[in-house]
Amino acid sequence: MTNDLATDQRVHRVAKLLAGEGVEVICIGRILRHSPEPEEVPFQIIRFRMQFTRGPLFYACYNMRLWLKLLFARKPDLLISNDLDTLPACFTASRIRRIPLIYDSHELFTQMPELIQRKGVQTVWKWIESGFLPRIRYAVTVSYSIATIYRRLYGTPFRVVRNMPERKSCQAREEARLGNREGQMIIYQGALNVGRGLELMIDAMQYVEEARFVIAGTGDIDLELKERVDLRGVGDRVEFVGRLLPGDLTALTMQADLGISLEEDRGLNYRYALPNKLFDYIQCRVPVLCSALPEMARIVESYGVGVASGERDPEKLAGIIRYMLKERSGGAWKEALDRAAEELCWEKESVVYRELLNECGVIDHR
């Protein structure tokens, strides 16, 4: 993968799954100036230090370095390519060395807002995608809608492994709640990028005085969001805690009263997104306020764990938030969250990945 491996929980879960089967796992990523040290994990981590950190030179140099590593390392039994930006190196190395390859697409890559706004760059990635995906045998992705789109475009059958966390106990949630003495808390966890609804939430906090909004993550619009907080005069109610390691993030989320996932409908990638934070909120027994986009709304409404809304007016959104905080304080959604957390967990979702690993000949569960 091209990230720094410190907080990629999907990659960590898959690596732990393999390590638990007695497989020696090596995860390859990159290291940046402010990359934290990953938590202690039962697998090896290698992080390249790159001269270029973004743009075409980064992707070209990273894939070349990764390709050389895969060609000359001790021959592995399996390669897993996470997202399109690692696929050129992984696919060609797998063909040369005749190694099974799993392509794990964490999103609809060519429909990311960053690419939609740059048609030339998007065209290059679509060309790369169309060259490799029809030749992929084993593939997984994060939602049924994205799997359907890939199958229609390239004829490649994608299985669905949603971004679900490991099961957590109700007792852990209650113990975390006892540690929160600062009143009601709303949380957002994830990247701080355009289209995540963060500007809308900051504007809405002008009308929500009874709670604080905690933003856990970093991204391209950190400074713009902090300036917006100052401009709206809500600095006493909005807190930026930066990117947290998975254990720290879980501990913080368990203290929350409401989890936010208000992505905008900016292209197919966001429209059909099923972000891991949605399942993290549920597993921490936190009610969810999400956009009325199909995949997220289906989960929230079918399990009855919150509200899916298309509201984009800050004052009206604040009304929904105040209603949900009031209902939460009265115990609403507790039983629904307990039921959903029992079902929407990695222990059950990983069955699909185990079947795929069995087909690749890496583990044997006959």
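The values are calculated or read from the model by the stated rules, or taken from the named source; none is laboratory data. Predicted model, so just to flag it, every value in this text is computed and none were measured. We place every Cβ from the backbone using ideal geometry, glycine too, and count neighbours over all the protein chains shown.
Residues Arg339, Arg354: which one is touching a residue at least 12 places away in the same chain (Cβ under 8 Å), over 30 Å from Gln206 (Cβ atoms) and more than 22 Å from the chain's Cα centre (by Cα)? Being touching a residue at least 12 places away in the same chain (Cβ under 8 Å), over 30 Å from Gln206 (Cβ atoms) and more than 22 Å from the chain's Cα centre (by Cα) holds for just one of Arg339, Arg354, which is Arg339. Checked against the criterion of being in contact with a Phe, Trp or Tyr (Cβ under 8 Å, 6 or more places away or on another chain) and either touching a residue at least 40 places away in the same chain (Cβ under 8 Å) or assigned to a helix (DSSP H, G or I) (or both), the candidates Pro88, Pro38 yield just one match: Pro88. Identification of helices (runs of 4 or more DSSP H) wholly contained in the stretch 96-168 with 3 or more residues that are at pLDDT 95 or above and among the charged types (D, E, K, R) yields no element.
Pairs linking a residue in the stretch 321-333 that is more than 14 Å from Ile186 (Cβ to Cβ) and free of Cβ contacts under 8 Å to residues at least 60 places away in the same chain to a residue that is assigned to a helix (DSSP H, G or I) and not aliphatic (A, V, I, L, M), with Cβ atoms under 9 Å and 6 or more positions apart or on different chains, are Ala332/Lys326; Trp333/Glu327. Out of all the residues in the stretch 3-17, is one or more surrounded by fewer than 16 Cβ atoms within 10 Å (Cβ to Cβ) and modelled with pLDDT under 95? Among the residues of the stretch 3-17, not one is surrounded by fewer than 16 Cβ atoms within 10 Å (Cβ to Cβ) and modelled with pLDDT under 95, which makes the answer no. The residues listed here are Glu327, Glu349; of these, the one that is more than 29 Å from Asp203 (Cα to Cα) and of a type in the set (Asp, Glu) is Glu349.
Restricting the stretch 41-71 to residues that are assigned to a loop (DSSP other than H, G, I, E, B) and farther than 29 Å from Val352 by Cβ leaves a set whose member that is farthest from the chain's Cα centre (by Cα) is Gln51.
Okay, residues lined up against (1) modelled with pLDDT of 95 or more; (2) assigned to a helix (DSSP H, G or I); (3) of a type in the set (A, V, I, L, M):
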| site | (1), (2), (3) |
| --- | --- |
| Glu315 | yes, yes, no |
| Ala336 | yes, yes, yes |
| Arg339 | yes, yes, no |
| Val362 | no, no, yes |
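When each of Arg243, Arg228 is tested for being outside the structural domain of Ile116 (by TED's automatic domain parsing), among the basic types (Lys, Arg) and either without any contact (Cβ under 8 Å) to a residue 60 or more places away in the chain or closer than 17 Å to Val288 by Cα (or both), the lone residue that passes is Arg228. Of all residues in the stretch 128-154, those that are of a type in the set (Gly, Ala, Ser), under 22 Å from the mean Cα position of the chain (by Cα) and more than 11 Å from Leu108 (Cα to Cα) total 1. Restricting the search to the stretch 32-84, which residues are of a type in the set (Asp, Glu) and over 21 Å from Gly217 (Cα atoms)? Residue satisfying the conditions is Asp77 alone.
Residues considered: Val214, Val208. Of these, the only one that is more than 20 Å from the chain's Cα centre (by Cα), touching a residue at least 12 places away in the same chain (Cβ under 8 Å) and in the same structural domain as Val288 (by TED's automatic domain parsing) is Val208. The residue list Gly267, Gly331, Gly304 contains one member that is of a type in the set (Gly, Ala, Ser) and surrounded by 17 or more Cβ atoms within 10 Å (Cβ to Cβ), which is Gly267. Here Gly242 meets each of (1) within 24 Å of Asp4 (Cα to Cα); (2) outside any loop (DSSP other than H, G, I, E, B); (3) not basic (Lys, Arg) with one exception, condition (2).
Looking across Leu57, Leu70, one residue alone is out of contact with any strand residue (DSSP E or B) (no Cβ under 6 Å at 6 or more places or on another chain) and over 23 Å from Gly361 (Cβ atoms). It is Leu57.
Determine, yes or no, whether Ala251 is in a helix (DSSP H, G or I), assigned by TED's automatic domain parsing to the domain that holds Val194 and aliphatic (A, V, I, L, M). Yes; evaluated as a whole, the condition is true for this residue.
In the condition set (1) touching a Leu at 6+ places or on another chain (Cβ under 7 Å); (2) modelled with pLDDT under 95; (3) closer than 26 Å to Gln206 by Cα, Arg266 is compliant with all but (1).
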